[in-house]
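J.: Below are the structure tokens for one structure; questions will follow.
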Amino acid sequence: MTDTARGDEEAFGLLYEHTRRGVYAFVCGYLKNEQDAEDVTQDVYIRIRRNAWQYKAGTDARAWMFQIAKNLSLNRLRERKREVPLHEQREDAMPVHNLPQGEVFDVMKRTLDAQEWEIVVLHLLWGYRHREIGEKLSLPTGTVTSKYKRALEKIKRAWEES
Amino acid sequence: MTEKELRKKLNEELGKMTPPADEKILSQPIVVRAPLSSEPAATQSRRTESAVRKTSRFAGTMRGRIAAVAMAAAVALCVLLGVFFLPVALPHASYGTLVVQINPAAAFAVDEDNKVVSVSALNADADILLADEEFLDALTGVPAEQSVAAFAVRAEEAGFLQDGGKVSVSAATESEKQSQSLLNSVEQGLNDFFSSTGFEISFEGVAAGMEQVCDLIGVQAQSLGELVEKIRSMPAYTFARDIAGLNAEELAALYEERVAHGLYKDTVSALLEECYERVQALDEMDALNEEIAADAQNPALVAKDYWSVRRFYDDADMNPAFAEKMARMDALIASYAERFGRETDSYASFLSEKILYSGISAVSEQIASWLSDFTDYLFDLQLDYIFTLLDDVFADFTEQLSALYDRGMPETAEEYIEQTREACRLCGLYLTGGAQA
């Protein structure tokens with residue numbers, strides 16, 4: 001991220017390659033819609049390129065990207081609410097089967113609730129420790145650990161059954 | 001499957017789902033330094049104004065309505081720097097004016113040490129924010145960039161400044177160099193705060209002349225010193241500036257129009273709208289819970305509600321159609337928490353929320369009708385009843401608003417200013433979430 005902030009295109013390429021999965025999975029947890037998730041993921045990286053100068057070297061680049069992804073996801077949710085008159089709105093989140101198909105991904109979306117999804121994505125894909133996730137989500141570390149374990153068990157069981 | 005295998009498989013799948021960086025991403029240049037105001041729009045936000053919410057019957061809250069109204073006007077936050085009391089201006093200590101255009105708008109007078117000495121609202125939205133006298137006091141005695149950033153933060157908290165919004169700053173000082181220096185420090189102050197939030201706020205800095213600043217503030221002055229004095233001596237609130245010479249009857253009429261049928265009505269409408277949306281959401285959850293409980297595929301033997309199933313049968317094999325209902329309920333609960341800041345992740349908490357809004361629920365159709373056609377007459381007629389309805393959910397806030405409304409029309413300029421300021425303060429409290437703490 002530091003090299004990207006200096007305008008290094010190759011560094012940006014590496015950054016994109018290393019983080020796109022985590023960003024996409026995180027955004028899916030909010031939007032539950034393939035098109036919106038793709039659009040917002042793209043927007044995250046456009047925003048990173050546009051605001052690279054704001055990144056302070058030495059600080060947690062993941063946290064910076066995470067915040068951007070969250071804000072853009074929430075923006076999209078708000079836009080979606082404004083576009084559809086209230087009396088036509090069913091619910092904020094689109095049905096989960098609008099997400100793209102993938103074996104483990106499919107299992108996750110069938111079995112995990114929103115919080116479990118976020119915890120699993122942050123740990124498995126973003127590399128955050130349970131304590132760090134607890135701080136981010138305002139949860140005790142023990143709760144994060146138990147929810148993560150439970151989420152893994154659910155995924156494993158569902159995977160074996162399928 | 002081990003955790004390691006899971007991670008590997010997930011990465012593989014997501015690798016296929018997410019494409020390589022495409023032209024749309026790569027065509028955006030990597031910006032390596034803070035863009036100056038003179039730089040082309042490519043380095044600034046594409047959006048040139050804060051989001052204006054649709055003003056349909058159901059869309060938006062009061063912050064959206066106020067923002068929509070305020071956006072129509074050019075707004076200015078003026079920071080005036082000057083040496084006020086020295087008979088001879090010393091070159092190194094003498095500045096001019098700094099105009100920051102943001103919604104809301106306020107004028108800042110700053111002394112030779114770059115400390116803010118006075119703040120005055122320039123539009124109704126700023127009246128609302130600055131009506132909190134503690135906050136107003138906190139803006140003075142600190143460096144200009146700190147004060148401006150604090151003001152912008154409060155505007156963001158109240159929903160006036162949103163992601164993608166623009167802050168325009170015009171500086172008029174005794175030299176362009178001083179103007180630029182001041183612009184840079186204010187911009188840095190804003191960027192320091194907003195960059196940590198992930199928000200994108202575009203910044204536009206311009207060196208302006210004294211005449212332009214006078215136009216923005218709505219005063220006339222022959223010199224920067226005179227302009228500074230005018231700003232220091234002007235009342236802090238716009239509503240306090242246009243009542244000079246009004247008699248009691250005219251004051252009452254103005255209060256009725258702007259406060260009783262303006263600010264109060266907007267505030268109460270926003271509260272009603274929020275209640276209506278919550279009731280709709282709770283009813284939807286209730287209906288789905290009933291469906292889940294009655295579903296023949298529900299694995300529970302006794303307690304068949306959604307929350308009990310999640311608690312005791314989460315690991316059970318569920319029929320796919322039933323599992324989808326459970327997932328839909330997960331989404332509704334998460335959505336409710338996201339929209340309204342309340343968890344309903346247990347039957348008890350859901351019931352508690354439902355009971356809290358039961359009074360509103362009983363008259364939700366009536367509320368929907370009010371929201372679509374809330375005339376001043378209807379507002380006056382129904383206000384007591386509405387306050388009773390809202391009491392359960394906004395107790396302290398509606399009690400204060402109700403007490404203020406009951407005071408009736410002000411008869412003197414002092415009463416007008418005091419009552420209007422209090423009304424603005426309550427409104428600001430609601431917008432920044434203080435009322436619902």
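The values are calculated or read from the model by the stated rules, or taken from the named source; none is laboratory data. Just so we're clear, the structure is a prediction, and the values are computed from it rather than from any experiment. Because the Cβ atoms are built from the backbone with ideal geometry, glycine has one as well, and the counts that use them run over all protein chains shown.
J.: Quick check on B:ALA244: is it part of a helix (DSSP H, G or I) and of a type outside the set (Val, Ile, Thr)? Spell out how you get there, then give the answer.
T.: Working: part of a helix (DSSP H, G or I): no; of a type outside the set (Val, Ile, Thr): yes.
No; evaluated as a whole, the condition is false for this residue.
J.: Does the stretch B:232-256 hold any residues that are in contact with a Lys or Arg (Cβ under 7 Å, 6 or more places away or on another chain) and either surrounded by fewer than 15 Cβ atoms within 10 Å (Cβ to Cβ) or β-branched (Val, Ile, Thr) (or both), and which are they?
T.: Scanning the stretch B:232-256 gives a single hit, B:PRO235.
J.: Shifting gears a bit: Looking at the structure I just gave you, is A:ALA151 outside the structural domain of A:THR4 (by TED's automatic domain parsing), surrounded by fewer than 20 Cβ atoms within 10 Å (Cβ to Cβ), at pLDDT 75 or above and of a type in the set (A, V, I, L, M, F, W, C)? Step through it out loud before you land on a result.
T.: Numbers: outside the structural domain of A:THR4 (by TED's automatic domain parsing): yes; surrounded by fewer than 20 Cβ atoms within 10 Å (Cβ to Cβ): no; at pLDDT 75 or above: yes; of a type in the set (A, V, I, L, M, F, W, C): yes.
Considered against the rule, which asks whether it is outside the structural domain of A:THR4 (by TED's automatic domain parsing), surrounded by fewer than 20 Cβ atoms within 10 Å (Cβ to Cβ), at pLDDT 75 or above and of a type in the set (A, V, I, L, M, F, W, C), A:ALA151 comes out as no.
J.: So B:TYR430 ticks every box in (1) crowded, with 20+ Cβ neighbours inside 10 Å; (2) modelled with pLDDT of 85 or more; (3) more than 30 Å from B:ARG310 (Cα to Cα) but one. Which box is left unticked?
T.: So the condition that B:TYR430 fails would be (2).
J.: Applying the selection to the stretch B:135-159, what residues are outside any helix (DSSP H, G or I) and among the polar types (S, T, N, Q)? Walk me through how you get there before you give the answer.
T.: Our first condition is that a residue be outside any helix (DSSP H, G or I); within the stretch B:135-159, this holds for B:139-143, B:158-159.
B:THR140 - this is the single residue of the stretch B:135-159 that is outside any helix (DSSP H, G or I) and among the polar types (S, T, N, Q).
J.: Please go through the stretch A:127-145 and pick out each residue that is surrounded by 13 or more Cβ atoms within 10 Å (Cβ to Cβ) and either of a type outside the set (D, E, K, R) or touching a Pro at 6+ places or on another chain (Cβ under 9 Å) (or both).
T.: Within the stretch A:127-145, A:TYR128, A:HIS130, A:ILE133, A:GLY134, A:LEU137, A:LEU139, A:THR141, A:THR143, A:VAL144, A:THR145 qualify.
J.: Could I ask something else about it? Taking interchain pairs and intrachain pairs at least six residues apart, which have beta carbon atoms under 6 angstrom, with the first residue in the stretch B:140-157 and under 16 Å from B:ILE128 (Cα atoms) and the second among the acidic types (Asp, Glu) and crowded, with 24+ Cβ neighbours inside 10 Å?
T.: Between residues of the stretch B:140-157 that are under 16 Å from B:ILE128 (Cα atoms) and residues that are among the acidic types (Asp, Glu) and crowded, with 24+ Cβ neighbours inside 10 Å, there is no close pair.
J.: So which residues in the stretch B:209-222 are over 17 Å from B:PHE108 (Cβ atoms) and either outside any helix (DSSP H, G or I) or within 14 Å of chain A (Cβ to nearest Cβ) (or both)?
T.: Hits for the stretch B:209-222 are B:GLY209, B:GLN220, B:GLN222.
J.: Right, another one. Among the residues of the stretch B:331-375, how many are more than 14 Å from chain A (Cβ to nearest Cβ) and either part of a helix (DSSP H, G or I) or under 15 Å from B:PHE394 (Cα atoms) (or both)?
T.: Of the residues in that region, 19 qualify.
J.: Being in a strand (DSSP E or B), touching a residue at least 24 places away in the same chain (Cβ under 8 Å) and among the aliphatic types (A, V, I, L, M) is the requirement here; does B:VAL206 meet it?
T.: Yes: the conditions hold for B:VAL206.
J.: Another one. Quick check on the stretch B:347-362. Is at least one of its residues in contact with a Ser or Thr (Cβ under 7 Å, 6 or more places away or on another chain), within 25 Å of B:ASP283 (Cβ to Cβ), at pLDDT below 85 and surrounded by 13 or more Cβ atoms within 10 Å (Cβ to Cβ)?
T.: Among the residues of the stretch B:347-362, not one is in contact with a Ser or Thr (Cβ under 7 Å, 6 or more places away or on another chain), within 25 Å of B:ASP283 (Cβ to Cβ), at pLDDT below 85 and surrounded by 13 or more Cβ atoms within 10 Å (Cβ to Cβ), which makes the answer no.
J.: Looking at the stretch A:53-69, which of the residues that are over 15 Å from B:PHE194 (Cβ atoms) and surrounded by 18 or more Cβ atoms within 10 Å (Cβ to Cβ) is farthest from the other protein chains (Cβ to nearest Cβ)?
T.: For the stretch A:53-69, the residue satisfying everything is A:ALA61.
J.: Select from the stretch A:16-62 the residues that are among the basic types (Lys, Arg) and farther than 22 Å from B:LEU332 by Cα and list them in ascending order.
T.: A:ARG20, A:ARG21, A:ARG47, A:ARG49, A:ARG50, A:LYS56, A:ARG62
J.: Within the stretch B:248-264, can one find any residue that is among the aliphatic types (A, V, I, L, M), over 16 Å from B:CYS427 (Cβ atoms) and under 24 Å from the mean Cα position of the chain (by Cα)?
T.: Here is the first cut: in the stretch B:248-264, the residues among the aliphatic types (A, V, I, L, M) are B:248, B:251-254, B:259-260, B:263.
Next, only the ones that are over 16 Å from B:CYS427 (Cβ atoms) stay: B:248, B:251-254.
Narrowing the set further to residues that are under 24 Å from the mean Cα position of the chain (by Cα) leaves none.
No - not one qualifying residue is present in the stretch B:248-264.
J.: Next up: From the set of residues in the stretch A:71-118 that are farther than 26 Å from B:ASP286 by Cα and within 7 Å of chain B (Cβ to nearest Cβ), which is modelled with the lowest pLDDT?
T.: My answer is A:PRO100.
J.: Still on this structure, I have one more. Just one of (1) among the charged types (D, E, K, R); (2) within 8 Å of chain B (Cβ to nearest Cβ); (3) surrounded by 19 or more Cβ atoms within 10 Å (Cβ to Cβ) trips up A:ASP36, so point out which.
T.: (2)
J.: Still on this structure: Run B:LEU390 past the list (1) surrounded by fewer than 17 Cβ atoms within 10 Å (Cβ to Cβ); (2) in a helix (DSSP H, G or I) and report the number of the one that doesn't hold.
T.: (1)
J.: Is it the case that some residue within the stretch B:282-305 is buried (at least 20 other Cβ atoms within 10 Å of the Cβ), assigned by TED's automatic domain parsing to the domain that holds B:ARG342 and under 30 Å from B:SER402 (Cα atoms)?
T.: The answer is yes; a qualifying residue exists.
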